[in-house]
Amino acid sequence: MDDIIIVGAGIGGLTLGLALQQAGIACRIFESVPDIKAIGVGINLLPHATKELAALGLEEALARVAIETRDATFFNRFGQLIYQEPLGRAAGYDHPQFSIHRGDLQTVLLDAFCARAGAERLITGRHCLGVEQDETGVTVNFSDGPGGVNRFAMRGRAAIACDGINSVIRKQFFPDEGEPRYSGVNMWRGVTRWKPMLSGASMVRAGWLSHGKMVIYPIREAGADGLQLINWVAEIETPNYRKRDWNRAGALDDFIGPFSDWHFDWLDVPALIRSSAEILEYPMVDQDPLDHWTRGRLTLLGDAAHPMVPRGSNGAGQAILDARALRDALADGADPAAALRAYEAARLPATARVVLANRATPPDAILREVWRRTGDRPFTHIEDVIDVSELRGISERYKEVAGFSHEALEGP
Ligand SMILES: Cc1cc2nc3c(=O)[nH]c(=O)nc-3n(C[C@H](O)[C@H](O)[C@H](O)COP(=O)(O)OP(=O)(O)OC[C@H]3O[C@@H](n4cnc5c(N)ncnc54)[C@H](O)[C@@H]3O)c2cc1C
């Protein structure tokens, strides 16, 4: 009854559970699926997020399963180098940038939560149907999994919706909002075991969305065979898309065309794509920022609060920053409703800026600028197209908006 109820054991829900446990605040996490499986592909954690995960004592566990990313490298669709900059510790941050399989990240969080808080505090097969509240607490209603017939009601001091992009609680708060907003870009994703490319810890962005853009980076160190697990994402502007389902299989022929001649000295892109064991397809979607997340003892966190298009490596990171802010607010005061309002005041405007920046000026605006100025043709010297200081400026402005400039990360 005195517990904080966390709905959803994704990246945000598990990080919040760990942060509350660390602060001595009792919580329980309720997750829809009966078995948490290592689903997904690659995800990036930038230094603002790894700083918080280090404060939770997780840096070593993450370093064991992730790649410590060293550079961001941008090419046009002809494989010509546009711009490169160091990342994470290589860029002088106190904390690394990790590129990691989402399943590995979730496993590290899950194992730590069960070891520290007790496995009985994570209850799977509980699909949230809706929430109610009164003067003394909240009641969260669940079924035994999506479509399940058995019903359960849980009482708590407050409830936090960490139930992702299709949040049931967000829909309850905002019934007229409609489906997530399609950005006009569809994505095909996969992972391939492949030999290390460039620095062996490079995050590559190449091409542009109108013709076809690729994001490619390793997420697991090489084994005895010398092959890393390489995450790749193909992004193409198209009016055609289907509703987001993290498990939807994609078809090679729907997207390989624009990349079929990308045989570069640093990577044979079509060969990498064709060697993927599995292809997933999902649309790039987000939602307009909301004007509030909190109603009394209920609030939203992570993708439930601020879904964003994945163009700045910030979806997981912003959920992790939310968890830290909410923990601080709850630790500060006895009144949960006031704490939830303080959390919202700290995080809603900040995340709204990231949602909008991801639409208009994410780091890959570097690629857009070169595409525009060259008319999508090869260049002789990049300096004739754009000055390196302008490219750096695009990257630095995004770091400021998303909260991982060097200045923002000074201090505890
Ligand atoms: C299966 C899956 C695969 C993903 N793969 C990738 C990927 O490859 N790359 C990437 O960048 N991002 C991926 N994401 C999204 C990414 O995890 C989030 O954008 C980001 O980490 C923010 O985390 P979150 O906790 O807000 O949401 P999520 O990580 O999406 O977690 C939401 C959690 O809530 C649970 N849930 C949903 N509805 C209910 C309900 N009604 N009741 C109880 N629990 C519920 C979900 O099962 C999930 O565990 C994936 C998300 C999921 C769920």
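The values are calculated or read from the model by the stated rules, or taken from the named source; none is laboratory data. Remember, it's a predicted structure, so these values are computed and weren't measured experimentally. We place every Cβ from the backbone using ideal geometry, glycine too, and count neighbours over all the protein chains shown. SASA here: full protein model, heavy atoms, side chains in, ligands and nucleic acids out. Shrake-Rupley method; radii C 1.70, N 1.55, O 1.52, S 1.80 Å.
General observations
- Overall, the accessible surface of the chain at a probe of 1.4 angstrom is composed of carbon and sulfur to the extent of 50 percent.
- For the chain, the solvent-accessible area with a 1.4 angstrom probe is 40 square angstrom per residue.
- Cα centroid of segment 286-315 to Cα centroid of segment 5-34, whole Å: 17
- Global geometry of segment 110-149, whether rounded, prolate or oblate, following the gyration tensor of its Cα atoms and the 1.5 cut on a/c: oblate
- Divide the volume of the convex hull around the Cα atoms of segment 87-132 by the residue count and you get 164 Å³ per residue.
- For the pair segment 114-192 and segment 362-377, the centres of their Cα atoms are 39 angstrom apart.
- Karplus-derived HN-Hα couplings along segment 46-53 (A = 6.51, B = -1.76, C = 1.60, θ = phi - 60°), whole Hz, x at Gly and Pro: 8, x, 5, 7, 5, 4, 5, 5
- Acute angle (nearest 10 degrees) that the helix 365-374 long axis makes with the longest principal axis of the chain, alpha-carbon atoms: 30
- Under 20 Å from the Cα of LYS51 - lysines, other chains or at least 8 residues apart: LYS399
- Ordering ILE366, GLY302, ILE5 by the projection of their Cα atoms onto the charge dipole of the chain, which places +1 on the Cβ of Lys and Arg and -1 on the Cβ of Asp and Glu, puts ILE5 at the extreme positive end.
- Stretching the chain fully between ARG392 and ASP268 yields a gain of 41.9 nm (0.36 nm per residue, less the alpha carbon separation).
- Anisotropy class of segment 28-95 from Cα gyration tensor, a/c 1.5 cut: oblate
- Backbone N within segment 303-326 under 16 Å of label point (7 Å from ARG116 Cα along the Cβ vector): 320-326
- Angle between the chain longest axis and helix 102-117 axis [Cα atoms, degrees, rounded to 10]: 30
- Helical mean residue ellipticity (222 nm; -39500 (n - 2.57) per DSSP H run of 4+; nearest 500) of the chain: -9500 deg cm²/dmol
- Placing pseudo-labels 7 Å out from each Cα toward the beta carbon at SER260 and SER210 gives an inter-label distance of 2.2 nm.
- Span from the segment 221-246 Cα centroid across to the segment 45-60 one, whole angstrom: 24
- Under the Karplus curve 6.51 cos²θ - 1.76 cosθ + 1.60, θ = phi - 60°, whole-Hz ³J(HN,Hα) for segment 316-325, x wherever Gly or Pro sits: 5, x, 5, 5, 5, 5, 4, 4, 4, 5
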